[in-house]
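Each remark here refers to the structure printed beneath this line.
The values are calculated or read from the model by the stated rules, or taken from the named source; none is laboratory data. Computed from a predicted structure; not experimentally measured. Backbone-built Cβ (ideal geometry, glycine too); neighbour counts: all protein chains shown.
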Amino acid sequence: MAFEGLGERLQATMDRIKSKGKVSEADVKVMMREVRLALLEADVNFKVVKQFISQVRERALGSDVMQSLTPGQQVIKIVKEELTELMGGENQKINLAQKPPTVIMMVGLQGAGKTTTAGKLALHLRKNYNKKPLLVAGDIYRPAAIDQLETVGKQIDIPVFNLGDKVKPQEIAEKALAHAKEEHLDTVIIDTAGRLHIDEDLMNELKDIKELSNPDEIMLVVDSMTGQDAVNVAESFNDLLDITGVTLTKLDGDTRGGAALSIRSVTEKPIKFVGVSEKMDGLESFHPDRMAQRILGMGDMLSIIEKAQTNVDMDEQKKMEQKIKDQSFTLEDFLEQMDQVKTLGPLDELLKMMPGANKIKGLDKMQMSGKEIDHIQAIIRSMTMEEREKPEKLNASRKKRIAQGSGRSLQEVNRLLKQFQDMKKMMKQMTGGKGKKKNPFGNM
Ligand code: GDP
């Protein structure tokens, strides 16, 4: 995942200053030097770094900070706030037209992820805004691009407007708009051609399409793995087309993350989305504050909760909560819960977003691909309904039968039963024993 190196370095610096009761000017100076190096090493644009450091330093040396009771923590707060500002402050949503159709023009270099992101966006708009998108195959120079968009469309069941590779992209865009009106499709997403480098022909073509289709959103797609180049590309596209938003792709790779931290500041255009996998659901809204928290190891609980809310059946969840309160939670419920957990995606990714997760050694090497969950589910599925409700009935011969039925070992069956007992005990403590409601997390 992106930002690992930067996160580690910044956190080490922050840890050193965190608990200081008194922070001297010299401390701030040393710290700023470390932050500066960490940012440069993460491939953040040097002008951006300079500006950032001077802002943090000025605020950190302010008398309200130095004389406060917790100067170390104040400084960390400032770094977090400035990081958030650097990445654009608030999350910016996609522009939608007051009167349909909304037109979104996808631009970017070849291989940046335009076609993939066009599909992801279509899915995002249908899922979250109830939109009916049309994907438009406007990249006629690379025949494979048209096929690729057709494949993407089929995969997510979104119509694709395709006139082959003999019609000029300008004409395709015009006809696509007319087609969308006829078919009552309210969002038109135009995939355009990309080149390996920016050239005049391409830019003229894009300018033409822009003029013809009057887009509400010109979404520049940039590959975060290209580091400083991503920033230069963004600057050029912005100068020529006056883009309205940026999607930064491949943030799931081991990019150092510098692009994410520089693009906003250099172009003054917001990063609206980030791509986090090759799959169609691998698009996330970009929240600068949450990203800053993640970089500083403060975790990203909000993203986890949002993810849970979109993927988990909330009614089901309420029922489970009630069962936990009544202490009538059974192995059958446990089985269902695990199905829900699986819809959240790879557990290790989720764990990384939790506060302090960066401090858990070896987490990055941990492979929790859901296999363990599959094993546990297999064991429970080999039990009768009665056994799932009343596991205390499980004697040695029943356990042996279950182990054989699920293809797991007897130890694993025993371990699961012990874990389930422990979990029930914990639930009992959390709910205060006799159904009394008590916040398990204290005053957070
Ligand atoms: P285009 O030339 O700009 O249309 O780029 P494509 O959409 O064809 O993407 C180029 C490659 O990047 C493809 O293999 C995509 O699957 C991959 N890709 C795009 N976005 C992401 C992302 O967010 N994460 C990862 N891991 N791969 C991505």
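Which condition from (1) part of a helix (DSSP H, G or I); (2) modelled with pLDDT of 90 or more; (3) surrounded by 15 or more Cβ atoms within 10 Å (Cβ to Cβ); (4) out of contact with any helix residue (DSSP H, G or I) (no Cβ under 6 Å at 6 or more places or on another chain) is the one that Lys154 breaks?
All conditions are met except number (3).
Please state which of the following conditions Ala260 fails to meet, knowing it meets all the rest: (1) touching a residue at least 60 places away in the same chain (Cβ under 8 Å); (2) away from the ligand (no atom under 13 Å from the Cβ); (3) among the aliphatic types (A, V, I, L, M).
Checking Ala260 against (1) touching a residue at least 60 places away in the same chain (Cβ under 8 Å); (2) away from the ligand (no atom under 13 Å from the Cβ); (3) among the aliphatic types (A, V, I, L, M), the one that fails is (2).
Select from region 136-181 the residues that are over 19 Å from Ser213 (Cα atoms) and acidic (Asp, Glu) and list them in ascending order.
Asp147, Glu150, Asp157, Asp165 - these are the residues of region 136-181 that are over 19 Å from Ser213 (Cα atoms) and acidic (Asp, Glu).
Residues being touching a residue at least 40 places away in the same chain (Cβ under 8 Å) and either over 14 Å from Ile172 (Cβ atoms) or away from the ligand (no atom under 13 Å from the Cβ) (or both): count how many of those fall in region 191-212. Walk me through how you get there before you give the answer.
Residues of region 191-212 that are touching a residue at least 40 places away in the same chain (Cβ under 8 Å), as a first pass: 191-198, 206, 209-210, 212.
Retained after the next criterion (residues that are either over 14 Å from Ile172 (Cβ atoms) or away from the ligand (no atom under 13 Å from the Cβ) (or both)): 194-198, 206, 209-210, 212.
Within region 191-212, residues that are touching a residue at least 40 places away in the same chain (Cβ under 8 Å) and either over 14 Å from Ile172 (Cβ atoms) or away from the ligand (no atom under 13 Å from the Cβ) (or both) number 9.
Take the residues of region 86-105 that are over 21 Å from the mean Cα position of the chain (by Cα) and outside any loop (DSSP other than H, G, I, E, B): which is farthest from the ligand (Cβ to nearest atom)? Give the steps one after another, and end with the answer.
Step one: of region 86-105, the residues over 21 Å from the mean Cα position of the chain (by Cα) are 96-105.
The next check asks that each one be outside any loop (DSSP other than H, G, I, E, B); those that pass are 102-105.
Working: Thr102: 21, Val103: 18, Ile104: 14, Met105: 13 Å.
The extreme case among them is Thr102.
In the same structural domain as Leu109 (by TED's automatic domain parsing) and within 13 Å of Ala112 (Cβ to Cβ): which single residue out of Ala260, Ala230 fits that description? So that I can check it myself, show each step before the final result.
Working: Ala260 fails: within 13 Å of Ala112 (Cβ to Cβ).
Just one listed residue meets the conditions, Ala230.
In this structure, does Gly245 turn out to be under 20 Å from Ala42 (Cβ atoms), crowded, with 19+ Cβ neighbours inside 10 Å and either within 16 Å of the ligand (Cβ to nearest atom) or among the aromatic types (Phe, Trp, Tyr) (or both)? Explain how you work it out, then say what you get.
Numbers: under 20 Å from Ala42 (Cβ atoms): no; crowded, with 19+ Cβ neighbours inside 10 Å: yes; either within 16 Å of the ligand (Cβ to nearest atom) or among the aromatic types (Phe, Trp, Tyr) (or both): yes.
Answer is no for this residue.
Here's a check for you: in region 111-138, which residue that is part of a loop (DSSP other than H, G, I, E, B) and crowded, with 16+ Cβ neighbours inside 10 Å is farthest from the chain's Cα centre (by Cα)?
Looking only at region 111-138, we keep the residues that are part of a loop (DSSP other than H, G, I, E, B), and these are 111-113, 130-132, 138.
With the extra rule that they be crowded, with 16+ Cβ neighbours inside 10 Å, the set shrinks to 112-113, 131-132, 138.
Details: Ala112: 18, Gly113: 16, Lys131: 22, Lys132: 24, Gly138: 28 Å.
This residue is Gly138.
If you take the residues in region 66-81 that are at pLDDT 85 or above and under 16 Å from Lys29 (Cβ atoms), which one is surrounded by the most Cβ atoms within 10 Å (Cβ to Cβ)?
Here the answer is Val79.
Can you tell me which of (1) at pLDDT below 95; (2) crowded, with 16+ Cβ neighbours inside 10 Å is the one Asn95 doesn't meet?
Condition (1) is where Asn95 drops out.
Please go through region 106-147 and give me each residue that is away from the ligand (no atom under 12 Å from the Cβ) and either of a type in the set (Phe, Trp, Tyr) or not assigned by TED's automatic domain parsing to the domain that holds Ile172 (or both), ordered by number.
If the condition is that a residue be away from the ligand (no atom under 12 Å from the Cβ) and either of a type in the set (Phe, Trp, Tyr) or not assigned by TED's automatic domain parsing to the domain that holds Ile172 (or both), then Tyr129 is the only one that fits.
What number of residues in region 250-282 are closer than 19 Å to Ile94 by Cβ and not in a loop (DSSP other than H, G, I, E, B)? Break it down stepwise before answering.
We begin by selecting, within region 250-282, every residue closer than 19 Å to Ile94 by Cβ; these are 251, 260, 263-264, 267-276, 280-282.
Narrowing further to those that are not in a loop (DSSP other than H, G, I, E, B): 260, 263-264, 267, 271-275.
Going through region 250-282 one residue at a time, the tally reaches 9.
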